[in-house]
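Taken together, the values in this text are just the output of simple stated rules run on the coordinates, not laboratory data. All of these numbers come straight from a predicted model, not from anything done at the bench. Don't worry about glycine lacking a Cβ; one is built from the backbone with ideal geometry, like all the others, and counts go over all protein chains shown.
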Amino acid sequence: MLDTRFNGQLREQSTQSGRADLNQPKLEVREICKSYSNRGKELVVLEKINFQLDPREFVCLVGVSGCGKSTLLNIVAGLTTPSAGQVLVDGQAVTGRPGSDRGMVFQGYTLYPWLTVSQNIAFGLQLRKMSKAEQRERVAYYLNVVGLTQFAKAYPKQLSGGMKQRVAIARALANEPEVLLMDEPFGALDAQTKEQMQQFLLELWEQTHTTVLMITHDVEEAIFLSQRIYVMSSHPGRLQLEIPVNLPANRHLEIKLSSEFVEIKRQILHALRGE
Ligand SMILES: Nc1ncnc2c1ncn2[C@@H]1O[C@H](COP(=O)(O)OP(=O)(O)OP(=O)(O)O)[C@@H](O)[C@H]1O
Ligand SMILES: [Mg+2]
């Protein structure tokens, strides 16, 4: 499904960027706290969240609904201001909205319905005032990566759910972000499409080795995709447990039936139930 040119090209870009340093964490979240005040009462959503992602790591955060996952990811993306703490990419504190350093794929479908698939993918490139020729080249490239070249001129309403999320992923990747942030990107898909998308995302990551921080409440999805998992507890949201996923890098869906996989799932489910 993937164009093999992708491999060489992106790796070259990340080493050429001059910011990539394999000895330094790609992403650091330091002492992040977030509270909301609600009718005079303080609601502590996140309390002292600390973690790091190494370059090219794929890490998932899992937690029950309402524990603060989206709040945390939105803080990392720069869409929400933390009450305290700092987010660093390549050792530099980040401020403001997602840009070329942090690409975001949101919960649910967030394509612009009035723009074609190509125009959706080009959106961030246009904002960055990239030349039209370069935009065309990048859009064509990422359309190919997500296997949607024939749908370049289609509108989002003409696409299936899985295709829409592939466009959203292409849109985020087109900016060639240092870190790809994903908030339940497959949450709205049926079970079979979701599994296809998991396999697709894993292949994409194996080819690109983009650093990914993804949120999901699907425990199997987290284990299948990631190298490390953080389990969040709620009220207030804290990182309760860190679980390394020592499964082979080259994974296929059948791995979900292996005893190693089932054992990791058991540990996470225990933690989520507060046992
Ligand atoms: N703008 C806001 N004002 C007040 N409270 C908020 C705000 N945004 C989020 N919250 C509260 O923060 C908590 C965490 O919300 P968040 O959306 O981060 O949870 P989540 O883990 O992503 O849940 P889900 O799995 O359902 O997406 C919830 O209790 C929510 O009510
Ligand atoms: Mg959420």
field: Net +/- balance of residues flanking Y112 in space, Cβ distance below 13 Å, scoring K and R +1, D and E -1
entry: +3
statement: A correct fewest-to-most ranking of V146, V64 by other Cβ atoms within 10 Å would be V64, V146
statement: Relative contact order of the chain (C-alpha contacts under 8 Å, at least 6 apart) in percent is 25 percent
- request: Subtracting the Cα-Cα distance from 0.36 nm times the residue separation, let me have the gained length for L88 to T110 in nm, one decimal.
  value: 5.3 nm
task: For n ≥ 4 DSSP H runs only, could you compute -39500 (n - 2.57) per run for the chain, divide by its residues and tell me the 222 nm figure to the nearest 500?
output: -11500 deg cm²/dmol
message: Could you check the spin-label model distance between H270 and T95? Points 7 Å from the Cα along Cα→Cβ, value in nm.
response: 4.5 nm
statement: If R0 = 51 Å, then N144 and E42, at their Cβ-Cβ distance, give a FRET efficiency to the nearest 0.05 of 0.55
field: Lys/Arg +1, Asp/Glu -1 at C-beta; the chain dipole; positive extreme among L241, F200, F151
entry: F151
- prompt: Out of the DSSP beta bridges found with both residues in the chain, what percent are antiparallel (nearest 5)?
  reply: 55 percent
field: Residue order, fewest to most surrounding Cβ atoms within 10 angstrom, among F151, F58, F123
entry: F123, F151, F58
Acute angle (nearest 10 degrees) that the helix 259-272 long axis makes with the longest principal axis of the chain, alpha-carbon atoms: 60 degrees
message: I need to check one value: relative contact order of region 206-275, counting alpha carbon pairs closer than 8 Å and at least 6 residues apart, in percent.
response: 30 percent
task: Return the lysines within reach of K153: Cα separation strictly under 28 angstrom, same-chain partners fewer than 8 residues apart disregarded; answer none if there are no such residues.
output: K129, K132, K164, K194
task: In whole Hz, with x marking every Gly and Pro, tabulate ³J(HN,Hα) for region 133-146 from phi via Karplus 6.51 cos²θ - 1.76 cosθ + 1.60, θ = phi - 60°.
output: 5, 5, 4, 4, 5, 5, 4, 4, 4, 6, 4, 5, 4, 9
- request: Report, in cubic angstrom per residue, the convex hull volume of the C-alpha atoms of the chain.
  value: 141 Å³
message: Give the aspartates and glutamates whose C-alpha is closer than 20 Å to that of K256, dropping any in the same chain fewer than 8 places away, or say none.
response: E184, D190, E195, E203, E206, D218, E220, E221, E242
Highest average packing first - 166-178, 205-217, Cβ atoms within 10 Å: 166-178, 205-217
